[in-house]
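Structure first, commentary second.
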């Protein structure tokens, strides 16, 4: 696993409230560790699960193939947009 460029991008994390927040992702050995200031106890994680104005996903395997968007939850879909963080 590797990040092409700076820090890993495109990960989000939620707690019991099911509100997803941008997460800091760090590769530790063969594991990606996620943290988010607004999430005390993680319930679910997602990668690339949202609208991106530009390609931001930079998570690749050792052979150079990009990770596909995924989610660890099975929450029902919603038609409500979640607020995008300002950069």
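The values are calculated or read from the model by the stated rules, or taken from the named source; none is laboratory data. Please read these numbers as outputs of a predicted model, since none were measured by experiment. Glycine gets a Cβ as well: all are built from the backbone with ideal geometry, and neighbour counts include every protein chain shown.
For region 53-63, how many residues are assigned to a loop (DSSP other than H, G, I, E, B) and either within 12 Å of the chain's Cα centre (by Cα) or at pLDDT 90 or above (or both)?
The qualifying residues number 4.
If a residue must be closer than 21 Å to residue 4 by Cα, touching a residue at least 12 places away in the same chain (Cβ under 8 Å) and assigned to a strand (DSSP E or B), how many such residues does region 15-52 contain?
11
Kindly provide the set of residues from region 64-87 that are modelled with pLDDT of 90 or more, farther than 17 Å from residue 2 by Cα and in a loop (DSSP other than H, G, I, E, B), ordered by number.
Passing the criteria: 72, 73, 74, 75.
Could you tell me whether region 8-16 includes any residue that is loosely packed, with under 12 Cβ neighbours inside 10 Å and closer than 16 Å to residue 71 by Cα?
Checking region 8-16: at least one residue is loosely packed, with under 12 Cβ neighbours inside 10 Å and closer than 16 Å to residue 71 by Cα.
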